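S.K.: Structure provided below as structure tokens; questions to follow.
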Amino acid sequence: MSLELTFWWLLAIKLAVAAAVVPVIGMVIGYAEMKLSAHMQSRVGPYFAGGRFGWAQLIADGVKFIQKEDIIPEEADRPVFKWAPALVMLGTMALLVIVPVHPSPRYGIVRDLEVGIFYALAISSVSTIGVLMAGWSSANKYSMIGGLRAAGQLIAYELPLVLATVGVVIQAGTMSMQGIVSAQVAQGWPFVLTQFIGFAIFMIATLAELTRLPFDMPIAESELVMGYVTEYSGFRFLFFFLAEFANMFSMSVIAATLFLGGYGLWGINPETLLSPIILFAKVGVLVFLMIWLRWTLPRLREDQLQTLAWKWLIPIAIANIIVTAVLKVVL
Amino acid sequence: MTFSEWIAEPVNWAFLAMAIPMVLAALRVVTSRNVVHAALFLVLALAASAGLFILLSAEFVAWVLVLVYIGAVVVLFLFGIMITRAPIGRETNLSHNTRWPAAAAALGVFAVTFWLINAVTEQMGGFGDPLPAVGRATATGILGEGFINRYLIPFEAVGFVLLAALIGGITLARKDLTPAEEEEGARV
């Protein structure tokens, strides 16, 4: 009985931590985006909230969203409309399960699944359904077009995303996230050196999956108001908002783990508590890269987006897999 | 094993927690009055069947189901439905007058699949020992080898039956146009 009790307590604690991590990450990255974009455009950005540097801006925003009225359009399909943000959030939170922050299984809330990376790609594809539900159920033409664009884009970029990781899986000989990191720690260099093509494709496809500029046609504000989130307000809007930033984090974690050596760094013992700091530093670099690209590049056209995925990224990713597999057998 | 013994096993609670929503969702797929709702209930049914695969410690198969069926096939369904015609609310003309033949065909497919799996495995001398599980989940490599070696023939046989069922489903559901209607369509 005591064993069962500890199991349920542990589960409750893990759930509470996971539920707290998403808003915290969302707020940190959201603040970083506000501040960085402001400075890239010679503005100051949030300034007054919290006394200095506007550090409390996102907390204030969060409180504001929670206070707002939860409006559901008259013509909307109520159950579908209500469940859509939850489904988007599910895909986001479930990704955090396999984040490997430390070699020892004692630290963190991590569970090292044998199918690790495959699980991550599978569970993150659930969010697409949530986006389509949101677009359809809003009973709004802008939402509908936004939802359709999002679905078309996510279908197109799911493939290069999956194919780009295969090269790493072949090289490491395992799909487990811990296994991939320890393979890189053991050989002393990260996979980005041999899998640079895979890394580039993965990052491009990630930007498209996150529907961030230059791939933000689903919520293109100059054409579609706000795409599939047009009709959402209050905390349901907050869910979409947080999910985007939390997804930036978790996709960066996956990229850092697969290609940049995860918590490993030359000359540093991975058993120390420096490991999570190293991982989060790498994630920080990747997140900065995403924000930088967003405020630098213009939006692609819909046909350019599809051409890029189907005619360029997928063939290159498949060629990369073939070369990696042949070299793995030959060498 | 009596029912009270069966229900005392916690793993069977988990089975019921997956199986009951799965069956109910599958029923709603065909009885729902809205096409989009039907597709969304299909998501629920597929998610529950992925849960059943996890109960069988075939983790890889479960996530394949999520990635391929929920992440790609149903998304394509929804995409196709929404890009053509997807009104919100109930529709009146969703039912088909061949529904009883369709139900009979579905039962027939189930019977043939069931019989085929039993017959083929009997021919092979039973399912043999269960695949070895490492920890709580069967290793993906072992799963792949078992699938390609030991269970290849039952799998191919069932795949054949399901293909036949798909063709039958299309035949039942399609509406053949008269030559005059076809001409009409060609002009439009």
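The values are calculated or read from the model by the stated rules, or taken from the named source; none is laboratory data. Only a predicted model underlies this, so the values are computations on that prediction, with no experimental measurement involved. When we count neighbours, we look across all protein chains shown, and the Cβ atoms used for this are built from the backbone with ideal geometry, even at glycine.
S.K.: Within the stretch B:73-100, work out how many residues are surrounded by fewer than 16 Cβ atoms within 10 Å (Cβ to Cβ), at pLDDT 75 or above and at the interface with another protein chain (Cβ under 9 Å from one of its Cβ atoms).
M.R.: Adding up the residues that qualify gives 2.
Results for (1) farther than 22 Å from A:Thr174 by Cα; (2) touching a residue at least 40 places away in the same chain (Cβ under 8 Å); (3) not aromatic (Phe, Trp, Tyr), shown as yes or no for each residue.
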site: A:Ala256; (1), (2), (3): no, no, yes
site: A:Ile268; (1), (2), (3): yes, no, yes
site: A:Ser275; (1), (2), (3): no, yes, yes
site: A:Phe288; (1), (2), (3): yes, yes, no
site: A:Asp303; (1), (2), (3): yes, no, yes
site: A:Gln306; (1), (2), (3): yes, yes, yes
site: A:Ala319; (1), (2), (3): no, no, yes
site: A:Val326; (1), (2), (3): no, no, yes
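S.K.: Is it fair to say B:Ala38 is part of a helix (DSSP H, G or I), away from every other protein chain (no Cβ under 13 Å) and without any contact (Cβ under 8 Å) to a residue 40 or more places away in the chain?
M.R.: In short, no.
S.K.: Would you say A:Ala281 is among the hydrophobic types (A, V, I, L, M, F, W, C) and crowded, with 18+ Cβ neighbours inside 10 Å?
M.R.: No.
S.K.: Let me confirm something: among A:Leu113, A:Leu159, A:Leu148, A:Leu163, which residue is at pLDDT 80 or above, closer than 25 Å to B:Phe53 by Cα, within 11 Å of chain B (Cβ to nearest Cβ) and surrounded by fewer than 24 Cβ atoms within 10 Å (Cβ to Cβ)?
M.R.: A:Leu159
S.K.: Go through the stretch B:53-71 and give me each residue that's more than 7 Å from chain A (Cβ to nearest Cβ) and either among the aliphatic types (A, V, I, L, M) or touching a strand residue (DSSP E or B) at 6+ places or on another chain (Cβ under 8 Å) (or both).
M.R.: B:Ile54, B:Leu55, B:Leu56, B:Ser57, B:Ala58, B:Val61, B:Ala62, B:Val64, B:Leu65, B:Val68
S.K.: So, A:Glu74, is that one in contact with a Ser or Thr (Cβ under 7 Å, 6 or more places away or on another chain) and at negative phi or not?
M.R.: The answer is no for A:Glu74.
S.K.: Select from the stretch A:116-136 the residues that are facing chain B (nearest Cβ under 7 Å) and either out of contact with any Leu (no Cβ under 8 Å at 6 or more places or on another chain) or outside any helix (DSSP H, G or I) (or both) and list them in ascending order.
M.R.: A:Ser125
S.K.: Tell me which residues, restricted to the stretch A:31-57, are in contact with a Gly (Cβ under 9 Å, 6 or more places away or on another chain) and either in a helix (DSSP H, G or I) or β-branched (Val, Ile, Thr) (or both).
M.R.: The answer is A:Tyr31, A:Ala32, A:Met34, A:Lys35, A:Leu36, A:Ser37, A:Ala38, A:His39, A:Val44, A:Gln57.
S.K.: Same structure again: Collect the residues in the stretch A:76-106 that are in a loop (DSSP other than H, G, I, E, B) and either at pLDDT below 80 or within 30 Å of A:Thr257 (Cα to Cα) (or both), keeping them in residue-number order.
M.R.: Passing the criteria: A:Ala76, A:Val99, A:Pro100, A:Val101, A:His102, A:Pro103, A:Ser104, A:Pro105, A:Arg106.
S.K.: Let me ask you something else. When you go through A:Leu313, A:Leu308, A:Leu300, A:Leu279 one by one, which is the residue that is of a type outside the set (D, E, K, R) and not in a helix (DSSP H, G or I)?
M.R.: The unique qualifying residue is A:Leu300.
S.K.: On to the next question. How many residues are under 21 Å from A:Ala243 (Cα atoms) and not hydrophobic (A, V, I, L, M, F, W, C) if we restrict to the stretch A:44-77?
M.R.: So the count comes out to 8.
S.K.: Of A:Ala200, A:Ala186, which residue is surrounded by fewer than 19 Cβ atoms within 10 Å (Cβ to Cβ), free of Cβ contacts under 8 Å to residues at least 40 places away in the same chain, among the hydrophobic types (A, V, I, L, M, F, W, C) and farther than 18 Å from A:Thr324 by Cα?
M.R.: A:Ala186
S.K.: Restricting to the stretch B:110-127, and then to whatever is out of contact with any helix residue (DSSP H, G or I) (no Cβ under 8 Å at 6 or more places or on another chain) and not in a loop (DSSP other than H, G, I, E, B), can you tell me which residue is modelled with the highest pLDDT?
M.R.: My answer is B:Ala111.
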